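Laboratory data are not the source of any read-out in this text; all were calculated from the coordinates shown. These numbers were taken from a predicted model, which means no experiment stands behind them. We place every Cβ from the backbone using ideal geometry, glycine too, and count neighbours over all the protein chains shown.
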Amino acid sequence: MEIIDTHAHLDLPDFKGEFERVLKRAKEGDICQIINVGFDLESSSRSVSLAQNNREIFATVGIHPHEAKKWGSEIKNWIIELSDREKVVAIGEIGLDYYRDLSDRQTQREVFSEQIEIAKNLGKPIVIHSRDAQGDVMRILEEHSPELVVLHCFSGDTLMAEWAFEKGYHLSFGGPLTYPRNERLEMAAAIAPEDLIMVETDCPYLSPVPLRGRRNEPSYIRHTLIKLANIRECSVEKMAGITTANARRFFSITNP
Ligand SMILES: [Zn+2]
């Protein structure tokens, strides 16, 4: 079985001193490739280094809505420069977060829009973070209509899921799919077209049940995959095959 964790933050201090062991456990757990996602300039640079130094890791670069207030021509040029490095497979995570509102909303929308345009110009896929901002995320994506989009750790409702499928956008499911009282998510996972589903950990955050509350890591992805297979009434092996093929196609990566 081959699994791809399409959203991890292995560069964070949570993994300090344990990185090699985490990677080893990932390998033992059939995780063959990992997309390490940048959220500011520093983490984007670290993701690029991780990708350079580890065969199985790929990187994305981008400025998260929390960090949007730091945006300016200097950061923009850095992101464009970094995006050209080897094994940088997408722009992200970018989007809107009206839950924590760490940057003002107008700034978030502008920085989101600008980065969509950067990705379009580069012909790169986009990893979207959307929290409590579904309407504006949909509106801005409609406005710019990028082709290659994944809604990471999908948390929207059925309306947003159906809209995404119509646009040919991917949904990536994380630990929350295993949490209780999440009929909306289960519904989205059930109705998703086979070619638009991926899985992720978003580690160190959002560990799946039964490991909820612990620091998450790529090897825990199995629990999310099992839940997804249950919902879609197929084998875990088949689900792994489907989500891995989708991730390789979406991020244009080849077999290890
Ligand atoms: Zn993330």
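Tabulated results
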| read-out | value |
| --- | --- |
| Kirkwood hydrodynamic radius (C-alpha pairs) into Stokes-Einstein, the chain, 4 °C and 1.567 mPa s, D in µm²/s | 72 |
| Residue among T243, G92, S207 farthest towards the positive dipole end of the stretch 3-251, charges placed on Cβ | S207 |
| Gained length - K76 relative to K238, 0.36 nm times residue gap less alpha-carbon distance | 54.3 nm |
| Cβ charges +1 (Lys, Arg) and -1 (Asp, Glu), total dipole of the stretch 3-251, debye | 660 |
| The stretch 193-256: C-alpha pair distances exceeding 19 Å, % | 36 |
| Residue exposure sequence - V61, V22 - by fewest surrounding Cβ within 10 Å | V22, V61 |
| Under-5 Å amide H pairs with G95, H placed in peptide plane, nonlocal only | H129 |
| Long-range HN-HN contacts of E18 with modeled amide H, under 5 Å | none |
| Karplus-derived HN-Hα couplings along the stretch 4-19 (A = 6.51, B = -1.76, C = 1.60, θ = phi - 60°), whole Hz, x at Gly and Pro | 10, 7, 8, 7, 9, 10, 6, 7, 6, x, 3, 9, 4, x, 10, 3 |
| Charge dipole of the chain about the Cα centre (unit charges at C-beta), most positive-ward option of L171, L50, G72 | L50 |
| Whole-Hz couplings from phi, Karplus 6.51/-1.76/1.60, listed for the stretch 131-142; x for Gly and Pro | 9, 6, 9, 3, x, 6, 4, 5, 4, 5, 5, 4 |
| Listed residues H223, H144, H152, most fluctuating in the chain (Gaussian network, C-alpha, under 10 Å) | H144 |
| Partner lysines for K124 [C-alpha distance under 28 Å; skip if fewer than 8 residues away on the same chain] | K27, K69, K70, K76, K87, K167, K238 |
| Gaussian network model of the chain, springs between alpha carbon atoms under 10 Å - residue of N246, N216, N182 with greatest fluctuation | N182 |
